[in-house]
Amino acid sequence: MSLAVYLNVVVAGVLTGLVYGLMALGLSVIFGVVRIVNFAHGEMMSIAMYIAVVLFAAFHLDPLVMLVPIAAVMFVFGYVLQAGLINPFITRPEHSQFLLVVALALIIVNTLLIIFGPDAQTIQTSYAYDSFQLGPVIVDASKAYAAAAAIVVTVALFAFFRFTLFGKAIRACADNYTGALVIGLDVKRLYALTFGIGAACVGAAGTMMSLITDVTPMLGPAYTLLAFVIVITGGLGSMPGALVGGVLIGLTEAIAGLLFTPSAKTMFSFAILVLVLLLRPQGILGKRTA
């Protein structure tokens, strides 16, 4: 195979990896602040994907146009879910939290199966088969738009945590829970806000992912597992690590699909995870705990 083939595959893998990174960023934000492992993360992404599918089928609304509205809907969903259901479990044993979120994931998957059935659904936009020629590299337009949107959302999220009062308050809760209570921060409200932000991230990622893959209810568990691979590889709780892990896993999947078979890409993603756990257990950008 020529060098151009490898370049095309690498570019496609990086573009997909940026969307993966946004998906994993939501999981990392939730764990980094709320300290609960969201085992329904991929299932929440499936909800966003199906919202995009329904809006496109009914009103021909482009997912790029609906990115912000769908992210807003998922923010409200995450906020209400945290405030009404998950928050009472924050102080309970971890196995209770695990059972709660897994039950929620099963409910989401089976509800989507009942409503939409098991068949795959796609979004065929006007640019679905368009591409850009950059020298020897041919860039798929849908992946390019999805990756660009993921970058914009990621930059906005980093700016929110860095420059806004709410962002600084959330970071304070993550750094020192007791100290946040002492200075009078409404930790429960900030936890709900954080969960909503994580849900909005996965909503934006799901909207973009609907441009580049078929949508089925069973994508949820697969993306939950993929999100965990990414955040553990990049460093659990590290926002930059989620992005690095997403690009690395996207690149690994693309190259494995080229050199072997597409069905082998998951095996190589887990191989990367095993290597990282052996050589750097805290993840690529994670901090070593004392």
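The values are calculated or read from the model by the stated rules, or taken from the named source; none is laboratory data. From a predicted model like this one, the values you see are computed outputs, not experimental measurements. For neighbour counting, all protein chains shown are included, and Cβ atoms are generated from backbone atoms with ideal geometry for every residue, glycine included. These accessible areas exclude ligands, DNA and RNA; they are computed on the full protein's heavy atoms, side chains included. Shrake-Rupley method; radii C 1.70, N 1.55, O 1.52, S 1.80 Å.
Between Ile107 and Gln121, the simple label model (points 7 Å from Cα in the Cβ direction) yields a spacing of 2.1 nm.
Between Ser131 and Val152, full extension at 0.36 nm per residue minus the direct alpha carbon distance yields a gain of 5.5 nm. Within a straight-line Cα-Cα reach of under 13 Å, Lys143 can be paired with the following aspartates and glutamates, leaving aside sequence neighbours fewer than 8 residues apart in one chain: Asp130. Using a Gaussian network model of the chain in which every pair of alpha carbons under 10 angstrom is joined by a spring, one finds that among Ala105, Ala204, Ala227 the greatest mean-square fluctuation is at Ala105.
Counting only protein heavy atoms, what percent of the accessible surface of the stretch 48-160 is carbon or sulfur at a 1.4 Å probe? Don't jump to the answer; show the numbers that get you there.
Values: 4500 of 6200 Å².
The C+S portion of the solvent-accessible surface of the stretch 48-160 is 73 percent.
Computed per residue of the chain from DSSP H runs no shorter than four, each worth -39500 (n - 2.57), the mean residue ellipticity at 222 nm is -24500 deg cm²/dmol. Of all lysines in the structure, the ones whose alpha carbon falls short of 21 Å from that of Lys188, not counting any fewer than 8 places away in one chain, are Lys168.
Starting from the coordinates of the alpha-carbon atoms of the stretch 171-242, obtain the Kirkwood hydrodynamic radius over all distinct pairs and give the value in Å to one decimal. Don't skip to the answer; put the middle values down first.
Details: mean 1/r = 0.0694 Å⁻¹.
Result for the stretch 171-242, one decimal place: 14.4 Å.
Most mobile of Ala24, Ala169, Ala72 per a Gaussian network model of the chain (Cα springs, under 10 Å)? Comparing Ala24, Ala169, Ala72 in the GNM, the peak value goes to Ala169.
Beyond 35 Å, what share of the Cα-Cα pairs of the chain remains, rounded to the nearest whole percent?
Working: 6570 of 41905 pairs.
The answer is 16 percent, as a whole percent.
Tell me the per residue accessible area of the chain using a 1.4 Å probe; a whole number in Å² is fine. Intermediate results must be reported in sequence, preceding the final value.
Numbers: 13700 Å² over 290 residues.
Ligands and nucleic acids excluded, the figure is 47 Å² per residue.
Reported to the nearest whole Å, the Cα centre-to-centre distance from the stretch 116-186 to the stretch 215-290 is 17.
Take each peptide in 8-16, 59-67, count the other Cβ atoms within 10 Å of every residue, and average; sorted highest first, the result is 8-16, 59-67.
In the chain, once you exclude exposed trypsin sites (Lys or Arg not before Pro) (DSSP loop, at most 12 other Cβ within 10 angstrom), what's the longest stretch remaining?
Values: sites that count: Lys287, Arg288.
Formally, the longest exposed-site-free interval is 1-286.
Of Gly17, Gly32, Gly198, the residue with the greatest mean-square motion in the GNM of the chain, using alpha carbon springs below 10 Å, is Gly32.
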